[in-house]
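Please read the structure below before turning to the comments.
The values are calculated or read from the model by the stated rules, or taken from the named source; none is laboratory data. Not measured: the values here are computed from a predicted model. FYI the Cβ positions are ideal-geometry reconstructions off the backbone, even for glycines, and counts take in every protein chain you see.
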Amino acid sequence: MKARGKVISLVTAILCLVPLFVGALGFGDQASAAIEMVNVTLHKKKMDDFPIGGIQNDGKEMADEFDKYEPLEGVTFSAYDITDDFYTALDKELKGDEDPDAYKAVVKKVMEGFKFSDIKIKNKLDSQSTDDRGEAKFNLPDRNNKGIYRVYFFDEEDVPEKQKFSQPVILMLPFVHPEDGELHDVHLYPKNKVGGEVKKELVNDDLSVPGENDEELYDYEVGKQIKYKATFQIPHQIGENVKEGTKERTRYSQLIFKDELSAIGTKFAGIEKMVAVNKDGQKQEIVVKDFLNFADKNGTFTNHVSQTYDKSKKAGFELKMKLNDKFATSSDYTTSRATADYLAKYAGQTLEIYYGVLLTEDTPVDVDINNDFTVRLKQGSGQDEEVQTVTDKPIVTTGGKKFFKHESNKPEQGLGGAKFILIRKEDGKYLKKPAGNVRTWAAPSAGKYPDAVEFISGDDGKFEIIGVEFGEYQLVEIEAPKGFQKLDAPHDFDISKGSYEGDYDSLKEDIENATQGGFLPSTGGAGIAAFLVIGLSLMGVAIVRYRKTQHAA
């Protein structure tokens, strides 16, 4: 947070720097002073932030304030002598007429702005790693050969950005305690941040993370649930209260989890599971309903499968935890305190949220769809909001194919009314009419395809298939356009990335049909001759019978 910069992780020797600065400008007979060694202990703790507002770092060990935080072991620090570079930077900011308060303000400014890259000559004196108590211990000379008090810069090596001290660790000697005078054993508790990196990944149907040999999760068909796992480390200090004068409130005033797909025409299937994972990898399942009880409105969901579907909206959810910046004795504080107490059970642990989304017939085809997962935190009312987002967003898509049915040898003559069914080539199953929004595939029964989805070419001969996974398919024609022969073999085709989106004519796949052929009347032959002979014979019999009848009369 930007507001964290307001909490200065500097040595409080600044309060007693006037003798130092006088010496720094002339040093008089200090130049002949003997060099003494100073013990410096850096304390590396798992803390979301240096405690707000309030703990003064005075150079002495502060067990009561900091021992409750978990130490970080194995972090390496290097001590650099930056005396010349620091005083060069300081001299540029001084006008020469500063009073003690103005002088201290300039020193703070230079310390806050000084970066490792500002060190012209990297004079490393020592390197130490933190032990199991999170302590890195140095024994350093207090002066240089000219008798000038040294300034040290402590740099963290090979540490993820999320675990680094959030301000430079600079020590100016001598370190003078307001009551005990000059200290030769100095303890530094710099402003430190350990924040959980927000992650998001696709998981298998059983919520397991795909292995190296598993098929890549990328393309999905309409109606098949896409499952995600989002992870975030709950702040270590989520359950704390802080005091501002005589008033008290919860340290955190905001914690919001928000997820949203990048495409419209999508549905949210719901949160399936929540898990807390501690530092040892032990997992504890969280009752989803209990967690949602501490979120405003028990969570807000967009296009949930239980809601009325709006194809113009993007599926997702927002869990706004019931934290606020109100002070004790108010009803709002009671709510915030109860929420902080609940979340404190998982402080410092990694929260895993498993949930699903669905693609629909309205989902854009052949378009990469990503999923934004964001966590927004805030401490107090006067601090800036901290936003953590997923940088490596998992992408999904759905495939399709365009077709053109036309007369054989007449590629421009489209044919309407042709009916096809879709076969998945890998298992020979055909696409059935969906039950709700879920597509199903079934094996043919005695060469029949009951309840199959029929794809029918339009009057212009065009039709398309959308919302299916990538792979090999077949079209089986079950009814040809009137006057044309039905195809006697399936039409094979592939669906892959780029097989749908774009110009129809350049992507379409042609399917030809031959005509049945016409029937002309015959002009002669044995058949008609026999017919004529039989006809004349019958006429002769009829005439004879007629004459007999007339004679009898």
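Numbers below:
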quantity	calculated
Some residue of the range 287-310 being assigned by the TED database to the domain that holds Arg376, crowded, with 20+ Cβ neighbours inside 10 Å, in a helix (DSSP H, G or I) and not β-branched (Val, Ile, Thr)	yes
Residue list for the range 402-413, restricted to those being touching an Asp or Glu at 6+ places or on another chain (Cβ under 6 Å) and not in a strand (DSSP E or B)	Ser408
All positions within the range 414-457 that are in a strand (DSSP E or B), at pLDDT 95 or above and loosely packed, with under 13 Cβ neighbours inside 10 Å	Ile456
Scan of the range 439-457 for residues that are among the small types (Gly, Ala, Ser) and out of contact with any strand residue (DSSP E or B) (no Cβ under 8 Å at 6 or more places or on another chain), ordered by number	Ser445, Ala446, Gly447
Listing of strands (runs of 3 or more DSSP E) fully contained in the range 462-520 that carry 3 or more residues being touching a strand residue (DSSP E or B) at 6+ places or on another chain (Cβ under 7 Å) and either of a type in the set (Asp, Glu) or without any contact (Cβ under 8 Å) to a residue 12 or more places away in the chain (or both)	471-479, 509-513
Any hit, the range 41-59, residues being at pLDDT 85 or above, in the same structural domain as Ser117 (by the TED database) and acidic (Asp, Glu)	no
Residue, surrounded by the fewest Cβ atoms within 10 Å (Cβ to Cβ), within the range 272-282, restricted to residues that are touching a residue at least 24 places away in the same chain (Cβ under 8 Å) and within 21 Å of Ala347 (Cβ to Cβ)	Lys279
Test result for Gln254, part of a strand (DSSP E or B) and either in contact with a helix residue (DSSP H, G or I) (Cβ under 8 Å, 6 or more places away or on another chain) or surrounded by fewer than 17 Cβ atoms within 10 Å (Cβ to Cβ) (or both)	no
Flag if Ala344 is closer than 28 Å to Lys224 by Cα and of a type in the set (A, V, I, L, M)	no
Given (1) over 44 Å from the mean Cα position of the chain (by Cα); (2) without any contact (Cβ under 8 Å) to a residue 60 or more places away in the chain, number of the condition Asn139 does not satisfy	(2)
Single condition Ala344 does not satisfy, out of (1) touching a strand residue (DSSP E or B) at 6+ places or on another chain (Cβ under 9 Å); (2) within 25 Å of Val287 (Cα to Cα); (3) at pLDDT 95 or above	(1)
Residue in the range 217-239 that is polar (S, T, N, Q) and surrounded by fewer than 17 Cβ atoms within 10 Å (Cβ to Cβ) present	no
Residue that is modelled with the lowest pLDDT, among those in the range 174-202 that are closer than 25 Å to Lys258 by Cα and surrounded by 18 or more Cβ atoms within 10 Å (Cβ to Cβ)	Val194
The range 92-128, residues that are closer than 16 Å to Ile170 by Cβ and without any contact (Cβ under 8 Å) to a residue 40 or more places away in the chain	Glu93, Ala105, Val106, Lys109, Val110, Gly113, Ser117, Asp118, Ile119, Lys120
Long-range neighbours under 7 Å by Cβ, at least six apart or interchain, first residue in the same structural domain as Ser331 (by the TED database) within the range 234-263, second outside any strand (DSSP E or B) and of a type in the set (Ser, Thr, Tyr)	Ile234/Tyr346; His236/Tyr69; Arg249/Tyr333; Thr250/Ser336; Ser253/Ser381; Ala263/Thr363
Residues of the range 362-408 classified as of a type in the set (Asp, Glu) and surrounded by 15 or more Cβ atoms within 10 Å (Cβ to Cβ), total	5
Some residue of the range 344-354 being touching a His at 6+ places or on another chain (Cβ under 8 Å), among the hydrophobic types (A, V, I, L, M, F, W, C) and either over 22 Å from Ile264 (Cα atoms) or in the same structural domain as Glu285 (by the TED database) (or both)	yes
